[in-house]
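One structure below.
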Amino acid sequence: MVVVNWNRKELLRSCLLSLKRQIGIPFEMIVVDNGSADGSADLAEAEFGARVIRNAENRGFCAANNQGIAVAQGEFIALLNNDAEAEPGWLAALYTACSRAPEVGMAASKVLVWEEPGRIDKVGHLIFPDGQNRGRGSGAPDHGQFDREEEVLWPDGCAAMYRKSMIDQIGGFDEDFFAYGDDAELGLRARIAGWKCIYTPQAVVRHHRSSTMGKGSGPRLELIERNRVLLALKLFPWSLLWLNPLFFALRLGAGMLLARRGAGDTAHFQGWRGKLAIAIALIRGDAAALRLAPRMLRKRASLAGIRRLSPREVRRLILSHRLSLRDVA
């Protein structure tokens, strides 16, 4: 059980309390602290008896999770964000789902909005053909429409379980991503290697949305945009990659139409200054992706050793779990 932390002491306390209440399965608690200055690392160690890995600086979500995964002893590894709280049967439900068949390498949780627990945050993931991904069912009222165990594309990294042997085979999180989109890259890479993901509605978590950087954060948007491009460069079949600018333009156009009505993600960036901040963040994100493109293309070539799905099968997988244009905007 790995929890990555960067400050947010009180959120971490609530997160770890929810883990102490887990029933039905033994587990080890590993907290990887990214140079917190608020005493949260001491809290995890002294009050909860967690094994704490202390980093001198913020190494990001990917590197910190890889540190925790490297020292974990179990056959399965669960991840929980420090801004999430798990229901008592969460860990046992993920274990049951993930161990159901040997080809299941990932299990996804039913993640609800902490502030509004009758609303879905995410129940697995979907993706738009330009590489932008989002939680399945995000923002929808929870009417039981996702109360069926089923295969999904991949889990959200805020509350997920991974088979250790899968990580050993395909590698952990790509540390070039730092944060945002990293779970999508790991999940799609696992699918390309032939692994499956099961969503179980019995694994319930409540999540504070965007508590680390905030939905109106320019740096957050810059990272999301950069990593969208890196994901496509590394993992998309060429038949989709060539069309990436077209799908990107369609998504931007849909976002602009919604913004005129004060709706969509762009509503978090108000006024002309907010829209300018969006443009600057997108340009910076694309420029950063361009600088990393040669490295991503080298990583793309190295996937031949783990690939089990053909490019045509990967295209079919992506399009069969496609976000609608309205939902992605």
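The values are calculated or read from the model by the stated rules, or taken from the named source; none is laboratory data. Note that the structure is a prediction, hence the values are computed from the model and not measured. Ideal geometry is used to build each Cβ from the backbone, glycine not excepted, and the neighbour counts take in all protein chains shown. For the accessible areas, the whole protein counts, side chains as well, though only heavy atoms, and no ligand, DNA or RNA atoms are used. Shrake-Rupley method; radii C 1.70, N 1.55, O 1.52, S 1.80 Å.
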Q. So what's the gap between the Cα centers of the stretch 11-84 and the stretch 174-194, to the nearest angstrom?
A. 21
Q.
Rounded to the nearest percent, how much of the accessible area of the stretch 1-151 (1.4 Å probe, protein heavy atoms only) is carbon and sulfur?
A. 49
Q: Please calculate how many Å² of accessible area the stretch 278-329 carries per residue, with a 1.4 Å probe and no DNA, RNA or ligand atoms counted.
A: 63
Q | Computed Rg/Rh of the stretch 60-157, alpha carbon atoms with Kirkwood Rh | A | 0.96
Q) With springs only between Cα atoms under 10 Å, which of Ala249, Ala93, Ala159 fluctuates most in a Gaussian network model of the chain? A) Ala249
Q: Tell me, rounded to the nearest percent, the portion of alpha carbon pairs in the chain spaced more than 26 Å apart.
A: 46
Q. Taking each full run of DSSP H in the chain as one helix, which ones are at least 30 Å long along their axis (Cα atoms) and have mean Kyte-Doolittle hydropathy of at least 0.0?
A. 271-302
Q) When DSSP assigns beta bridges and you keep just the ones with both residues in the chain, what percent turn out antiparallel, to the nearest 5? A) 50
(Q) Using Cα springs under 10 Å in a Gaussian network model of the chain, which residue among Ala64, Ala277, Ala56 shows the largest mean-square fluctuation? (A) Ala56
Q | Estimated FRET transfer efficiency when R0 is 56 angstrom, pair Asp42-Leu319 (beta carbons, to 0.05) | A | 0.70
